[in-house]
1. Which value in nm describes the separation of the simple spin-label points at residue 55 and residue 204, placed 7 Å from the Cα toward the beta carbon?
2. In nm, to one decimal, how far is the modelled label at residue 189 from the one at residue 77, with both set 7 Å along Cα→Cβ?
3. Near the amide H of residue 91, under 5 Å away, which other amide H atoms are found, from residues 5 or more places off or on another chain, if H is placed in the peptide plane?
4. Between residue 142 and residue 30, what length comes free when the chain is fully extended (0.36 nm per residue of separation minus the Cα-Cα distance, one decimal in nm)?
5. Hey, what did the chain get for relative contact order, percent, Cα under 8 Å, at least 6 apart?
6. Can you show me the helix-derived [θ] at 222 nm for the chain, built from DSSP H runs with n ≥ 4 at -39,500 (n - 2.57) apiece and divided by the number of residues, rounded to the nearest 500.
7. With the cut-off at 1.5 for a/c, could you classify the chain from its C-alpha gyration tensor as rounded, prolate or oblate?
8. Using a Gaussian network for the chain with springs between C-alpha atoms less than 10 Å apart, which of these wobbles most: 123, 77, 205?
Amino acid sequence: MLPAFPDSLREAALGSLERLEVEARTGSVVTEVDADGVSWRPTSVGLQPGGQDAKGGRIEAQTVLWAAGIAASPLTASLGVPLDGVGRVRTESTLTVPGHPNTFVVGDMCALEQDGRWLPGVAQVAKQEGAHSARNILRAIAGQSLERFRYRDYGTMAVIGRGRAVADLGPFKASGFFAWLFWLFLHLFWLIGFRNRLAVMGEWAWAYVTLQRRVRLITGGRRETEKVE
Ligand SMILES: Cc1cc2nc3c(=O)[nH]c(=O)nc-3n(C[C@H](O)[C@H](O)[C@H](O)COP(=O)(O)OP(=O)(O)OC[C@H]3O[C@@H](n4cnc5c(N)ncnc54)[C@H](O)[C@@H]3O)c2cc1C
């Protein structure tokens, strides 16, 4: 769970979920989703407690919510270049496509390893890669060699339910209510303009107190978007 975070915060996140009565199964992958539930198997034998679980199993359910990520844009498949398992382009460290030094790939379509870990598909990575590519394009125009990209991690936060979060900001690590307050403060801080900040703060406070979701998207069979106030 939350592989980008250090162990202490991962355990805190798991604890927060358990307090919300969520039963988390780590070390398992879903192998099939159908109308009556999901089938799963352990990622490697021995990770699940108890012998019978080691083979995997099935959870009957009529409602299944998928939050385990999606594939990259199908555009990448048409490029004829090396891709990873979810269709992202395995770029050079200069963010160029292998064999095509004048083609750059950034953000969610880019698969790049740094210090033995894949860079996460988050906005910070996409922004830094975009800026770096722009600098490399200017260097190429000036006839200079391209520079390797290095991601600077300024910190990661994740919200868990109402009033709990985990925050990993280098030496500063926090979990629980304080981390959640910090998440709120930082997101408001980065908004542009006092009026925006005030409006968002008001909307969040209203949603928190009334337990209402302002917008609900229902897609699929009816092919339309519903807005429920
Ligand atoms: C629900 C959700 C929540 C998230 N929350 C966070 C968060 O809290 N913090 C965080 O850091 N990151 C978050 N992310 C991830 C973050 O949004 C992405 O990592 C980031 O937007 C990637 O930027 P990008 O420019 O690569 O892609 P995008 O922002 O997806 O931009 C790609 C653009 O290209 C367009 N496009 C696609 N195909 C074509 C085509 N063939 N021709 C022309 N245009 C095309 C798309 O319409 C889109 O506008 C979240 C993502 C999701 C889905």
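Please treat every number below as a calculation from the coordinates, not as lab data. Here the structure is a predicted model, which is why all the values come from computation and not from measurement. Positions of Cβ are generated from backbone atoms using ideal geometry, with glycine treated the same way; all protein chains shown enter the neighbour counts.
1. 4.9
2. 4.3
3. For residue 91, whose amide H was placed from the backbone, the distant partners under 5 Å are 111.
4. Once the chain is fully extended between residue 142 and residue 30, it gains 35.4 nm.
5. Averaging sequence separation for qualifying contacts and normalising by length gives 12 percent for the chain.
6. It comes out at -9000 deg cm²/dmol, rounded to the nearest 500.
7. Verdict is oblate for the chain.
8. Comparing 123, 77, 205 in the GNM, the peak value goes to 205.
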